[in-house]
Amino acid sequence: MVYESTIQFTLDTICPWTYLAKRRLAKAISQLPPDAPVKFTVKYMPYQLYPGASQEGEDKYEWYKKSKYNDSQDRMEKYMALMSLYGEAEGISYKFGGTVANTLQAHRVLQHFQETTDSATADKIVDSLYKQYFEEEKHPSAPETLLRATSEAGVPEGEAKAFIEDHDEGLADVKLLIREQAGNGIDAVPYIVFEGKRRDISLEGCREVGEYVKALQSVIKESK
């Protein structure tokens, strides 16, 4: 009998480390044998790194340099070089221009279609949101960004557009989920919990592929 395990992946769609972690986790899952006695399903949970950010947003490069690196050009360049190297190894072409903005609407859309469709659809939405923001310098939660993400995930355009343009539907629910994550002690992302039959395994921060493989194998071993 196959044990069904949920991998709870807490993320923010403007966090470069969660994009990296998602790629590495997918790589780890792909290494499992097809006849493994555990079926893993990823469920995305919302977290906001900068809840006070405006919807209009501001210049991403300047914001990062000022808020993260004390306006140091040298430190910013080192960060970009490091992330570019990490990204290249996982097939990500990080770019550092564009707009950093509030991600609440992106979380609202992701959570809605995760609940009303399936995990594969949610996964494709997340992929598109990450790619648009980090590789194409798109606004993280503009209506056109969200509509493209849902379209690439196979959601009918009319259905997606109606939900995206509502702004309020499901908003209270996603705010509650964000508060619950904070209440669970999560104060950084990525935060990944591998649900096990005997115990859960939690990994905070972006880890190497091997660490995700080890967590998956532990869940499989303890499911027998």
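The set of residues in the stretch 111-141 being more than 22 Å from MET80 (Cβ to Cβ), aliphatic (A, V, I, L, M) and open to solvent by less than 10 Å² (accessible area, probe 1.4 Å) consists of ALA122, ILE125, VAL126. Those helices (runs of 4 or more DSSP H) of the stretch 112-224 in which 3 or more residues are touching a strand residue (DSSP E or B) at 6+ places or on another chain (Cβ under 7 Å) occupy 119-130, 171-183, 209-222. Among the residues making up the stretch 84-99, those that are surrounded by 15 or more Cβ atoms within 10 Å (Cβ to Cβ) and in contact with a strand residue (DSSP E or B) (Cβ under 9 Å, 6 or more places away or on another chain) are GLY98, THR99. For the stretch 17-37, the set of residues classified as open to solvent by less than 10 Å² (accessible area, probe 1.4 Å) and not hydroxyl-bearing (Ser, Thr, Tyr) consists of LEU20, ALA21, LEU25, ALA28, listed by residue number.
Among the residues of the stretch 66-83, is any within 15 Å of the chain's Cα centre (by Cα), surrounded by 17 or more Cβ atoms within 10 Å (Cβ to Cβ) and closer than 21 Å to ARG207 by Cα? No. Condition (residue is under 16 Å from the mean Cα position of the chain (by Cα), within 19 Å of PRO140 (Cβ to Cβ), among the hydrophobic types (A, V, I, L, M, F, W, C) and surrounded by 13 or more Cβ atoms within 10 Å (Cβ to Cβ)) applied to the stretch 194-203: is it met by at least one residue? Checked against the condition, which is being under 16 Å from the mean Cα position of the chain (by Cα), within 19 Å of PRO140 (Cβ to Cβ), among the hydrophobic types (A, V, I, L, M, F, W, C) and surrounded by 13 or more Cβ atoms within 10 Å (Cβ to Cβ), the stretch 194-203 yields no hits at all.
The values are calculated or read from the model by the stated rules, or taken from the named source; none is laboratory data. These figures come from a predicted structure and were not determined experimentally. For neighbour counting, all protein chains shown are included, and Cβ atoms are generated from backbone atoms with ideal geometry for every residue, glycine included. Just the protein is used for accessible areas: all its heavy atoms, side chains included, with ligands, DNA and RNA removed. Shrake-Rupley method; radii C 1.70, N 1.55, O 1.52, S 1.80 Å.
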